[in-house]
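Structure, as structure tokens:
Bear in mind that the values in this text are calculations on the coordinates, not laboratory data. Small disclaimer: the values here were computed from a predicted structure and weren't measured. Reconstructed Cβ throughout: ideal geometry from the backbone, glycine too, with neighbour counts over all protein chains shown.
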Amino acid sequence: MQSASGALTGGSADPVLPHASRIGLVVWFFAQWVMIPVQCVTRPLWLLILFLGGESYTERILEAPRRFLSPAKLMLRMSHDPANHERYLDREFGRISTEMQKGKYGWRTRFYHYVGARWVTGARDSESPLVGVMVGCREYRGVPLNVMRGIAHRHRLILDTPTPNSIRPSVSLRPAQWENM
């Protein structure tokens with residue numbers, strides 16, 4: 001069963017995005033070796049043209065390399081075993097939680113996820129801003145929302161969704177201590 005947000009619900013009220021097709025993953029894995037370098041050259045040129053033309057732009061230059069699919073991630077995404085995906089998310093959320101506690105984000109978190117200032121205005125000055133992490137849907141396909149919330153809770157994180165029953169296009173993680181702020 002598919003909900004209005006495009007997420008499969010599996011007959012329950014808990015949304016889960018379907019896995020990407022295995023054929024599509026293999027095609028992308030081989031096509032990326034041409035597509036990503038081409039996009040790395042053309043995107044900055046396109047953004048420069050927009051900038052010089054006075055247009056506004058919201059595209060990120062690093063979006064193409066962010067979609068790189070390593071052999072390990074290819075194998076993970078081709079596996080439709082929920083336990084594999086849950087273990088992967090557990091490791092990712094654990095790493096993100098540790099980095100949030102330290103207040104210092106590694107290159108992997110900054111590169112693959114959107115690290116940004118707190119979405120709710122407030123509570124801290126600019127010297128020590130509260131920072132959250134947005135995780136793109138390609139990282140959690142096949143994992144139900146309640147499982148993601150449980151994994152986040154184990155790592156003292158709160159998982160926010162765009163709307164209560166939608167997990168597209170991304171979810172955000174923030175430390176549990178922000179709950180009362």
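Remarks
- A DSSP coil position with no more than 16 other Cβ atoms inside 10 Å describes the following trypsin sites (Lys or Arg not before Pro) in segment 16-108: Arg60, Arg67, Lys104.
- Positive minus negative residues near Ile96 (Lys, Arg vs Asp, Glu; Cβ under 14 Å): +4
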